[in-house]
Amino acid sequence: MTLWRSIRGTLAALGVTLKAIFRRPATIPYPEVKRVPAPRYRARIVLTRDPRGGERCVACHLCSAACPVNCISMQAAEGPDGRRYAAWFRINFSRCIFCGLCAEACPTLAIQMTPDYELCRRDPLELVFEKEDLLVEDGGKDRDYDFYRHAGIGVAQARGEGSEEEPPADVRSLLP
């Protein structure tokens, strides 16, 4: 009885193989034909610009705090008009798991995910992208969104010089 079961199992597997051998292959020749990912596919991260052409990133560090693998780092700076920006912004794509938490945490919509999935390199140091590599000229998915206009933040004057603002406190005066 076990011999018959073994022969029947072997013939069944051979039958599946013979049926599949005459079908057209379901594989896609990748370098010649590129797949179109699903509309909500998350891959490469980019930094976008606001409608006036300025950088949207205000270096709030929320993206690096939300990143579970700690692959995002940046340094905050302030322009002469009082507007914050990222002096440098760096993402290590060899560590990135493309979870999209950084894009969800970004209040200014500066970080957005694109469907660009071709990121392989031989040297892992080539997968460390700087701000110049990430910054695109486009506004991304929401081209009309301007963080400073929607948030009501005016940056036309120095901090503490507004009509309803107090000047910054000197922290040394708070010491006993």
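What follows draws every value from the coordinates through simple rules; no lab data is involved. In this text, all values refer to a predicted model and were calculated from it rather than measured experimentally. Cβ: placed from backbone, ideal geometry, glycine included. Neighbour counts: every protein chain shown.
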inquiry  = Can you order the peptides 60-66, 108-114, 50-56, 131-137 by their average number of other Cβ atoms within 10 Å per residue, highest first?
reply    = 108-114, 60-66, 50-56, 131-137
query = Just how far, in whole angstrom, is the range 3-63 from the range 82-111 if you go by their alpha carbon centroids?
reply = 25 Å
task = Rank the residues T10, T48, T2 as a footprinting-exposure proxy: fewest other Cβ atoms within 10 Å of their Cβ go first.
result = T2, T10, T48
note = Taking every alpha carbon pair in the chain and sorting the distances into 10 angstrom bins from 0 up to the bin holding the longest one, the percent per bin comes out as 8, 25, 23, 15, 11, 8, 5, 3, 2, 0
request  = Report, ordered by chain and residue number, the lysines lying within cross-link reach of K131, taken as a straight Cα distance under 26 Å and ignoring same-chain residues fewer than 8 apart.
outcome  = K141
inquiry  = Multiplying the sequence separation of Y117 and R83 by 0.36 nm and subtracting their Cα-Cα distance, what value in nm do you get?
reply    = 8.9 nm
request  = Return I21, I7 ranked ascending by Cβ neighbour count within 10 Å, so the fewest neighbours appear first.
outcome  = I21, I7
query = Given a cut-off of under 8 Å on Cα pairs at least six residues apart, what relative contact order in percent is computed for the chain?
reply = 25 percent
